[in-house]
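> Submitted below is the structure of interest, expressed as structure tokens.
The values are calculated or read from the model by the stated rules, or taken from the named source; none is laboratory data. All values derive from a computational prediction rather than experimental measurement. Here Cβ is always computed from backbone atoms with ideal geometry, including for glycine, and neighbour counts include all displayed protein chains. With ligands, DNA and RNA removed, areas are computed over all heavy atoms of the protein, side chains included. Shrake-Rupley method; radii C 1.70, N 1.55, O 1.52, S 1.80 Å.
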Amino acid sequence: MTVEYLLIGPMGAGKSTVGAALAEKLNLSFADTDFLIESDQSKSVSDIFIEDGESHFRLVEESIVIDALRDGDGVLALGGGAVTSPITQTAIKNSTALKIFLDISLSAVSPRVGFDSARPLLMVNPRQKWLELMEARRPIYEELADVKIDVSELSIAEIVESIILKRRNASDIKS
Ligand code: S3P
């Protein structure tokens, strides 16, 4: 049992929606680390940020992601900032999952990242903040990913098809 598909990328790229659709299509299980964190802490991500602070959130996130990579299976979607932890980066590199970076432009993501209390980092100046985070993290996403898909113009079904195709191509190269 091992994670087969790992979705990384910024907030609003659709990691959770795409991950759930991919898992359904392939009859695999699906997990989302934000959701695992919320059940572990018995509160929402935004409440963790507000009541306990981002550094606490990052510590919890690191341990949840490491556990999920070690014990999980099927499709796993990570929160956008999970890749900033060096320990997590090593765990991702060691994972045999196909690592997929869902890339998206600011204009495509803009309608999705307006004022949203579920995304505490985007409470103030959401578009500018999103861009800053994306610019800082893009090199990490690029380094960790086996494949990158620009999802700006794609439907969920098209993204799922593209991932399945990339998986086939990756297996062809390995065999
Ligand atoms: C964050 C992304 C969020 C969530 C938290 C912090 C980030 O997950 O983990 O709000 O730092 O980019 P999504 O990428 O699933 O929105």
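> State whether one or more residues within the range 93-105 are without any contact (Cβ under 8 Å) to a residue 40 or more places away in the chain, open to solvent by less than 60 Å² (accessible area, probe 1.4 Å) and part of a helix (DSSP H, G or I).
The first filter runs over the range 93-105 and keeps only residues without any contact (Cβ under 8 Å) to a residue 40 or more places away in the chain, leaving 94.
Checking which are open to solvent by less than 60 Å² (accessible area, probe 1.4 Å) leaves us with none.
No, that holds for no residue.
> Quickly run through the range 69-88 and pick out the residues that are farther than 23 Å from L122 by Cβ and open to solvent by 10 Å² or more (accessible area, probe 1.4 Å).
The answer is L69, R70, D71, G72, D73, P86, I87.
> Among what's in the range 1-19 and is in contact with an Asp or Glu (Cβ under 8 Å, 6 or more places away or on another chain) and of a type in the set (G, A, S), pick the residue that is most open to solvent (accessible area, probe 1.4 Å).
S16
> Ok, one more. Go through the range 132-175 residue by residue and tally those that are over 18 Å from the mean Cα position of the chain (by Cα), closer than 24 Å to A21 by Cα and part of a loop (DSSP other than H, G, I, E, B).
Total satisfying the criteria: 1.
> For the range 42-61, which positions are among the polar types (S, T, N, Q) and open to solvent by less than 50 Å² (accessible area, probe 1.4 Å)?
Listed by number, the residues that qualify are S44, S46.
> For a quick check of your reading of the model, give me the residue pairs whose first member lies in the range 63-84 and is closer than 13 Å to Y141 by Cβ, whose second is in a strand (DSSP E or B) and within 10 Å of the ligand (Cβ to nearest atom), with beta-carbon atoms closer than 9 Å and at least 6 apart or on different chains.
Every condition considered, the pairs that remain are L78/L7; L78/I8; L78/D32; G79/D32; G80/I8; A82/I8; V83/I8.
> The conditions are (1) open to solvent by 50 Å² or more (accessible area, probe 1.4 Å); (2) within 12 Å of the ligand (Cβ to nearest atom); (3) modelled with pLDDT under 95, and E132 fails exactly one of them. Which is it?
So the condition that E132 fails would be (3).
> Of all residues in the range 136-170, count the ones that are within 16 Å of A77 (Cα to Cα) and small (G, A, S).
Final tally of qualifying residues: 1.
> While we're on this one: Please go through the range 101-129 and give me each residue that is within 24 Å of I48 (Cβ to Cβ), modelled with pLDDT under 90, out of contact with any Phe, Trp or Tyr (no Cβ under 7 Å at 6 or more places or on another chain) and not aliphatic (A, V, I, L, M), ordered by number.
Of everything in the range 101-129, those that are within 24 Å of I48 (Cβ to Cβ), modelled with pLDDT under 90, out of contact with any Phe, Trp or Tyr (no Cβ under 7 Å at 6 or more places or on another chain) and not aliphatic (A, V, I, L, M) turn out to be R112, G114, F115, D116, S117, R119, N125.
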